[in-house]
1. Beyond 20 Å, what percent of the Cα pairs of the range 5-104 remain?
2. Which whole-number percentage describes the relative contact order of the range 5-104, with Cα contacts under 8 Å and a sequence gap of 6 or more?
């Protein structure tokens with residue numbers, strides 16, 4: 001797949017302890033993004049932050065370290081991101097979802113052969 005040009009960056013801010021159907025919410029979002037054929041997703045774990053409730057979540061305090069801020073970033077073409085938003089609305093009960101226009105400079109990968117090695121003929 002090759003992806004270039006105008007796209008959107010979808011950012012989802014949730015807590016590490018947030019759940020969806022028994023699994024961590026961030027994992028569920030990544031799995032669902034993959035199922036819907038989005039270009040990719042990255043999960044970032046924050047060291048410290050606060051949200052709507054103004055409670056500080058930090059890795060410095062042991063008892064709160066299990067609910068650190070999590071950011072999921074997904075970049076793809078606008079229409080593909082827009083089609084994914086209703087699923088997020090269902091999944092994210094508490095958190096923040098943002099969109100930014102981005103210019104995709106390069107997104108490429110080598111097709112894989114049956115054994116998992118890059119296909120040298122492409």
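Taken together, the values in this text are just the output of simple stated rules run on the coordinates, not laboratory data. Computed from a predicted structure; not experimentally measured.
1. Summing the P(r) tail past 20 Å for the range 5-104 gives 37 percent.
2. Contact order relative to length: 47 percent.
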